[in-house]
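Step one of this worksheet: look at the structure below.
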Amino acid sequence: MNKYPDLLPRTISAVVGGLVIILSLIWSQWGFFAVFLAISCLTTLEFYSLMRLQDYVPIRFLGVVIGGLLFIGMFLIQGGYLPSVYHFALFPLASFVFLIKLYKKNDVHPFINIALFYLGVLYVAVPFAFTNLLVFYNGRYSYEIILGLLFLTWTNDIGAYFTGILFGRTKLFERISPKKSWEGSIGGGIISVLISIVISYYFKGLKPLEWFSVSVIVVIAGTYGDLVESYFKRSIQIKNSGSAIPGHGGFLDRFDSLLIAVPFVVFFLYLF
């Protein structure tokens, strides 16, 4: 335990946070709505706050609002509460960032800050908004696909973590993440694929082959999502994206795999 001092708080946080998410998904579509909207907004805010460590000043409030409205709009449209035409309202709203920057006299990097504003929306808010496409995949609310996706992501992360501790020798991407190993990634991938077989017996929203395919996407895209966030943190010379989740760091640290995996899973399910 002394060798891994963050293991206990990491485990407690994972169990408590996981239970909150699982129970909210099972409870109703409004439980999903509340929890994932909150996570989306907090993660987006964390991203913009990190940009300020580099003396950039993207408009945090507007970015969080746009990201939140994107999630809300996608939820209401996919749930049948609004026609899809309302999505177009986000484009003029997002354009306000240009008008706001015109009146910021002391902004020495206005277009870099505008670019970072849109990056926060694209990198963080859009993938969370896409989770609505998963919970309403079959035309009605169902927690099976998003919960199965979370199980696969969690088991991949946990499997890679402990397999890497036990057997890790060969560095996966040492320049970006020195602790990650090929052995850990392969171990996490095998465990995730095996879990997909178990999930397919209980969650019938997808066929067994589809669950297998989703697990492969999660392993590959999720690993890259982790590496992308590690690269991001290394570029601004920080260890964790925040301290909101004991043992894990910030929201970006906890949900980095999903940010890349969700768009690929949505692409796979809707196009194939």
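Couple of notes before you dig in:
- Of the residues Leu271, Leu227, the single one that is at pLDDT 85 or above, open to solvent by 20 Å² or more (accessible area, probe 1.4 Å) and more than 10 Å from the chain's Cα centre (by Cα) is Leu271.
- The residue that is surrounded by the most Cβ atoms within 10 Å (Cβ to Cβ), among those in the stretch 158-202 that are more than 22 Å from the chain's Cα centre (by Cα) and assigned to a loop (DSSP other than H, G, I, E, B), is Gly168.
- Lone qualifier among Ser13, Ser49 - being open to solvent by 30 Å² or more (accessible area, probe 1.4 Å), more than 26 Å from Leu133 (Cα to Cα) and within 18 Å of the chain's Cα centre (by Cα): Ser49
- Considering the conditions (1) in a helix (DSSP H, G or I); (2) of a type in the set (A, V, I, L, M, F, W, C); (3) open to solvent by 30 Å² or more (accessible area, probe 1.4 Å), Trp211 is excluded by exactly one of them, (3).
- Filter result (at negative phi and assigned to a loop (DSSP other than H, G, I, E, B)) within the stretch 243-272: Ser243, Ala244, Pro246, His248, Gly250, Phe272
- Just one of (1) open to solvent by 80 Å² or more (accessible area, probe 1.4 Å); (2) over 17 Å from the mean Cα position of the chain (by Cα); (3) more than 23 Å from Tyr56 (Cα to Cα) fails for Arg234. It is (3).
This table checks each residue for (1) closer than 29 Å to Ser40 by Cβ; (2) modelled with pLDDT of 90 or more; (3) out of contact with any helix residue (DSSP H, G or I) (no Cβ under 6 Å at 6 or more places or on another chain).
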position: Val126; (1), (2), (3): yes, yes, yes
position: Leu133; (1), (2), (3): yes, yes, no
position: Asn138; (1), (2), (3): yes, no, yes
position: Tyr141; (1), (2), (3): yes, yes, no
position: Thr153; (1), (2), (3): yes, yes, no
position: Tyr161; (1), (2), (3): yes, no, yes
position: Ile165; (1), (2), (3): no, no, yes
position: Lys171; (1), (2), (3): no, no, yes
position: Lys180; (1), (2), (3): yes, no, yes
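- Enumeration of residues in the stretch 142-157 that are open to solvent by 20 Å² or more (accessible area, probe 1.4 Å), part of a helix (DSSP H, G or I) and not polar (S, T, N, Q): Glu144, Phe151, Trp154, Asp157
The values are calculated or read from the model by the stated rules, or taken from the named source; none is laboratory data. These numbers come from a predicted model, not from an experiment. Cβ: placed from backbone, ideal geometry, glycine included. Neighbour counts: every protein chain shown. Accessible surface areas use protein heavy atoms only, side chains included; no ligands, DNA or RNA. Shrake-Rupley method; radii C 1.70, N 1.55, O 1.52, S 1.80 Å.
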